[in-house]
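The values are calculated or read from the model by the stated rules, or taken from the named source; none is laboratory data. This structure is a prediction, so every number in the text was calculated from the model and none was measured. Quick reminder, even Gly has a Cβ in these numbers, built from the backbone with ideal geometry, and neighbours come from all protein chains shown. Side chains are part of the model used for accessible areas, which takes the heavy atoms of the whole protein and leaves out ligands, DNA and RNA. Shrake-Rupley method; radii C 1.70, N 1.55, O 1.52, S 1.80 Å.
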Amino acid sequence: MPKDLTIIILTYNSAQIVGSCLEKLNFEKYKVVLVDNASKDNTLELVRKNFPQVEIIALSQNIGYGNGNNVALKKVETEFALILNPDAMILEKDIEIVLQEMRQNPLAAMAGPIVLDDYPLNKDEFEKKVAALDQDLTTIKSCYYEKVGQNYTARFLSGAALFMKMSAMQKIGFFDEEIFLYYEDDEICGRVRKNGYQNIIVPSATAFHLGGGGKSSGSSLKVVYKKNWHFLWSKLYWKKLRKGSLSARRSAIRLIFMHLRKALFAFNREKAVANLGSACGAFSFFIGLKSFDKQGNPRGNLKI
């Protein structure tokens with residue numbers, strides 16, 4: 001039976017968490033591709049030993065979330081793709097529920113299940129999330145638009161378990177390659193809607209976020225600085241795409257001074273470094289620097 005789904009898992013120092021993700025997947029039914037962003041731990045050794053069915057693409061340097069996933073997306077030959085974080089998990093029955101809904105909706109370019117915060121299933125959390133979709137609350141309406149059958153069109157979908165219909169996404173384009181990290185899912189969801197397609201939430205399907213994301217890249221001061229640098233840069237880049245360069249630059253000025261002040265009065269070194277990273281990311285955006293340098297290396301490195 002031909003496979004109609006390629007599952008793409010992007011790793012970076014993910015040895016502690018990727019096994020829990022992979023062990024629930026049906027390798028006979030789905031093609032599984034792991035893209036590794038130049039991990040320094042034993043991620044690749046672990047996967048090769050325990051999951052030989054996985055196709056591995058080992059990159060020579062860390063090129064970020066969107067670019068890393070794009071490497072695999074450009075090679076997908078199946079009807080659908082699933083971007084699955086290494087610290088997330090989804091069962092086969094839930095995969096099939098989402099795929100069935102996407103087949104039935106020609107406008108559904110991307111889709112996602114309800115994402116819960118742990119495993120096994122937390123019924124209270126699930127019921128609250130599904131009930132919230134039907135409530136007329138401002139915070140809910142800012143994310144969800146309308147019901148489509150039993151599903152909902154959404155402004156944003158979680159990048160932890162993100163399904164793509166390849167025939168639509170090949171027209172729309174994959175992740176924005178200007179972004180190293182953060183806001184890639186916001187940007188691509190916005191582009192889906194701009195092109196007349198839909199992002200849909202499927203409440204009858206669930207995925208689980210295992211909460212190990214922080215372990216996959218470490219928590220040194222250099223990592224803290226770099227993450228905050230890119231979070232602010234990407235946030236302003238996303239604002240520029242939505243509201244224009246002038247609005248984004250005005251926000252950058254405000255954020256530079258706000259985070260510099262926080263860095264000066266921080267109670268501990270990590271918070272000081274985090275706010276310094278945010279201020280430098282905003283400043284770099286303001287003066288026109290991109291998230292990658294001319295050699296293709298991500299910016300935001302802290303020299304300490």
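On the stretch given as segment 25-49, residues that are in contact with an Asp or Glu (Cβ under 9 Å, 6 or more places away or on another chain), surrounded by fewer than 16 Cβ atoms within 10 Å (Cβ to Cβ) and of a type in the set (Lys, Arg) total 1. Of the numbered criteria (1) touching a Gly at 6+ places or on another chain (Cβ under 9 Å); (2) in contact (Cβ under 8 Å) with a residue 40 or more places away in the chain; (3) closer than 23 Å to Glu77 by Cα, the one Lys24 fails is (1). Looking at (1) within 18 Å of the chain's Cα centre (by Cα); (2) closer than 22 Å to Asp293 by Cα, find the lone condition where Ser60 falls short. With respect to (1) within 18 Å of the chain's Cα centre (by Cα); (2) closer than 22 Å to Asp293 by Cα, Ser60 is out only on (1).
Annotation: of all residues in segment 63-88 being open to solvent by 10 Å² or more (accessible area, probe 1.4 Å), touching a residue at least 40 places away in the same chain (Cβ under 8 Å) and in a helix (DSSP H, G or I), the one that is farthest from Gln16 (Cα to Cα) is Asn67. Pairs linking a residue in segment 244-263 that is over 14 Å from Gly281 (Cβ atoms) to a residue that is hydroxyl-bearing (Ser, Thr, Tyr) and not in a helix (DSSP H, G or I), with Cβ atoms under 9 Å and 6 or more positions apart or on different chains, do not occur. Against the condition touching a helix residue (DSSP H, G or I) at 6+ places or on another chain (Cβ under 8 Å) and in a helix (DSSP H, G or I), how does Leu236 come out, does it pass? It is true that Leu236 is touching a helix residue (DSSP H, G or I) at 6+ places or on another chain (Cβ under 8 Å) and in a helix (DSSP H, G or I). Screening segment 92-209 for helices (runs of 4 or more DSSP H) wholly inside it with 2 or more residues that are β-branched (Val, Ile, Thr) and modelled with pLDDT under 90 returns the ranges 138-141. You will find that of Phe267, Phe283, the residue that is more than 22 Å from Asn70 (Cα to Cα), without any contact (Cβ under 8 Å) to a residue 24 or more places away in the chain and either within 16 Å of the chain's Cα centre (by Cα) or open to solvent by 20 Å² or more (accessible area, probe 1.4 Å) (or both) is Phe267 and no other.
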